[in-house]
Amino acid sequence: MSINPIRLRGNWDEGYAIDLHTISSIYIGDNAFGHPEYDTSRSKIGEMVYQLKYKFKREVAYDIIELIDPFLHSWHALKLVDVVIPVPPSTKSRDFQPVYLIAELIAKSLNKHYAFDLLEKVNIEQIKNLTSEEKVKAISGSILKHRHFKKDVNILLVDDLYQSGITLNEVCTVLRKDGHVNNIYVLTMTKTRG
């Protein structure tokens with residue numbers, strides 16, 4: 001198995017990133033527009049996420065699931081999950097949402113319910129270039145939950161890329177306001193090196 005799961009800490013019960021997103025990134029100069037360019041080497045799943053998210057190669061999602069499937073079925077906590085929920089994306093203008101597709105395929109692999117429309121990010125400001133303090137301020141109050149659960153549930157939250165964990169923490173804070181939410185587990189496909 002060519003993955004290296006990384007434990008993620010936050011206000012969830014247990015969480016992992018499947019692997020680092022990049023292995024190395026070397027500055028090679030500026031392009032004709034004055035923007036820096038890098039020679040980037042990605043992990044196997046990092047390259048897959050890149051192809052899915054930025055090159056819009058939808059079929060790569062199936063390769064991702066094939067790669068992570070052994071991990072999904074070895075993580076004992078996932079046997080307790082009732083519903084798989086994607087973290088709402090910041091960019092709403094894509095033809096398809098990579099994180100929705102990944103989460104849906106994970107739900108199918110685990111034979112669990114899938115809820116793509118439970119959460120919504122109302123502030124779609126990109127936060128990746130903000131300071132930690134600015135990120136917390138930008139994310140606070142930006143996640144809406146559209147309905148309450150009618151029975152007790154354990155949730156698997158799925159995201160494509162883990163950077164600071166601020167969005168995941170906010171999502172968990174919102175979910176925990178529902179008295180029927182028991183355990184929350186987090187799975188991201190990749191994690192930044194920072």
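The values are calculated or read from the model by the stated rules, or taken from the named source; none is laboratory data. Predicted model only: the values in this text are computed from it and were never measured. Here the Cβ is made from the backbone with ideal geometry for all residues, glycine too, and neighbour counts use every protein chain on show.
Applying the set (1) modelled with pLDDT of 90 or more; (2) within 30 Å of Asn183 (Cβ to Cβ) to Arg42 leaves exactly one unmet item: (2).
For (1) under 18 Å from Asn182 (Cβ atoms); (2) over 17 Å from the mean Cα position of the chain (by Cα); (3) surrounded by 18 or more Cβ atoms within 10 Å (Cβ to Cβ); (4) modelled with pLDDT of 95 or more, each residue gets a yes or a no:
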{"site": "Val83", "(1), (2), (3), (4)": "yes, no, no, yes"}
{"site": "Thr91", "(1), (2), (3), (4)": "no, no, no, no"}
{"site": "Gln97", "(1), (2), (3), (4)": "no, no, yes, no"}
{"site": "Leu119", "(1), (2), (3), (4)": "yes, no, yes, no"}
{"site": "Lys128", "(1), (2), (3), (4)": "no, no, no, no"}
{"site": "Thr131", "(1), (2), (3), (4)": "no, yes, no, no"}
{"site": "Ser140", "(1), (2), (3), (4)": "no, yes, no, no"}
{"site": "Lys150", "(1), (2), (3), (4)": "yes, yes, no, no"}
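Note on the stretch 139-194: no enclosed strands (runs of 3 or more DSSP E) hold 3 or more residues that are charged (D, E, K, R) and more than 20 Å from Lys53 (Cβ to Cβ). In summary, Lys135 fulfils each of the numbered conditions (1) modelled with pLDDT under 95; (2) loosely packed, with under 14 Cβ neighbours inside 10 Å; (3) among the basic types (Lys, Arg) with the single exception of condition (2). Taking the stretch 162-192 as the range and being more than 17 Å from Leu118 (Cα to Cα) and touching a residue at least 60 places away in the same chain (Cβ under 8 Å) as the test, the residues that pass are Tyr162, Gly165, Leu187, Thr188, Met189, Thr190, Lys191, Thr192. Here is the figure for the stretch 135-194: residues that are closer than 13 Å to Asp13 by Cα and of a type outside the set (Val, Ile, Thr) total 12.
Contact map, the stretch 4-31: first residue outside any strand (DSSP E or B), second residue small (Gly, Ala, Ser), Cβ cut-off under 6 Å, separation 6 or more or different chains; pairs are Leu8/Gly15; Leu8/Ala17; Gly10/Gly165; His21/Gly46.
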